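Here's the structure, in structure tokens; my notes come after.
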Amino acid sequence: MKTKTEWKVGLFIAISLAIAVGLVLNFAKGISPLTKTYSLNLITKNVDGIVKNAVVMMAGVPIGKVTQINLNTDRSEVSMKVQIEETYRIRKGSKFQIETSGFLGDKYIGIIPTSDNQSPELQDADTVQCEESFDIMRVARSTSGVVNQLNSATSQITNIINRIDSKLLDEQTLTDLSAGLRNLRDISENASKTIAKVDLLISTNSEPIQLAIGNVVKFSQELKTAGGELRGIIKTNRVIVNDSMDNIKDTTESLKNLIKAAERGEGLAGKLFADKELAQNIITLSSNLNEVSAKLNRKGIWGVLWEDKNKKEAENTKK
């Protein structure tokens, strides 16, 4: 009887332990030893705090864990071996990256599935690249040089502003600038008044202006017509025009020859230029002819002859 009771107690304890182990395996972080898995090799430059048994998650769902972490000093890289549950197939082209749960939480490996559903699935022992996690301290160290450059640029800008303030924005410059603005305002007001006057002039004299514009247009049309007629006349009388031009050319040439002959003292014109006495006689003759012509115009030929006769009788009486 005692043996039977002990056997029942032992069986109860064994069943309880089995149930406890099952519950622990079901709720514990990781994969149950009874679950079928396949392995992948991840290569990265820095594991950033990933430890053995770290969770592998896809879309926030745990699908595996990290089983090994090995440092390759020759190539300055770290290889991690992960186990993925057989039911979760990952296609080639998916991204593996180290992430943090929360701001200061545990590190885990996150998987972003590819959008190409036709891509082949990763097989057991395949090797893929894993991106490093975002390290704010490393970024801060890398941007310290940029911050220093920004500080230097800010200092230079401050110096430039101070120079501008001391050189250009002094009291005299501001006074001149104010005067210039006042002058500009006066010019603007005068321009506005002038424009208003011109507008008033145009509005009050719109009819005469339109009439003048119409006359100008009409004159231009008539001028265009006259030009066309002139071209027609020239075209129809081209032979006469050409002959006239030839005659003018011949006359000009003859005048040139006459002037050259006169300069050399040839001909009547040449003698007039060369003989001053003959030229004076001709001038005197011309003057006498003008005087006789004037008398003829005033008294007629008989009046002139009668006057000459009286002059002769008077002269004879004196003698």
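The values are calculated or read from the model by the stated rules, or taken from the named source; none is laboratory data. What you are looking at is a predicted structure, and each value in this text was computed from that prediction instead of being measured. Cβ sites come from the backbone with ideal geometry, for glycine too, and all protein chains shown count toward neighbours.
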*asked:* With the requirement that a residue be loosely packed, with under 13 Cβ neighbours inside 10 Å and at pLDDT 85 or above, what does the stretch 1-37 give you?
replied: LYS36
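Residue by residue, here is whether (1) modelled with pLDDT of 90 or more; (2) of a type in the set (Asp, Glu); (3) more than 51 Å from the chain's Cα centre (by Cα) holds:
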{"residue": "SER39", "(1), (2), (3)": "yes, no, yes"}
{"residue": "ILE84", "(1), (2), (3)": "yes, no, yes"}
{"residue": "ARG89", "(1), (2), (3)": "yes, no, yes"}
{"residue": "THR100", "(1), (2), (3)": "no, no, no"}
{"residue": "LEU104", "(1), (2), (3)": "no, no, no"}
{"residue": "GLY110", "(1), (2), (3)": "yes, no, no"}
{"residue": "THR114", "(1), (2), (3)": "yes, no, no"}
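Taking the options ASN215, ASN205, name whichever one is out of contact with any helix residue (DSSP H, G or I) (no Cβ under 6 Å at 6 or more places or on another chain), at pLDDT 80 or above, surrounded by 10 or more Cβ atoms within 10 Å (Cβ to Cβ) and of a type outside the set (D, E, K, R).
Among ASN215, ASN205, only ASN215 is out of contact with any helix residue (DSSP H, G or I) (no Cβ under 6 Å at 6 or more places or on another chain), at pLDDT 80 or above, surrounded by 10 or more Cβ atoms within 10 Å (Cβ to Cβ) and of a type outside the set (D, E, K, R).
Sort out for me the strands (runs of 3 or more DSSP E) sitting completely within the stretch 69-131 that have 1 or more residues that are of a type in the set (Gly, Ala, Ser) and over 13 Å from ALA59 (Cα atoms).
Answer list for the stretch 69-131: 77-85.
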_Based on this model, can you work out whether ILE112 counts as β-branched (Val, Ile, Thr), touching a residue at least 12 places away in the same chain (Cβ under 8 Å) and surrounded by fewer than 16 Cβ atoms within 10 Å (Cβ to Cβ)?_
yes
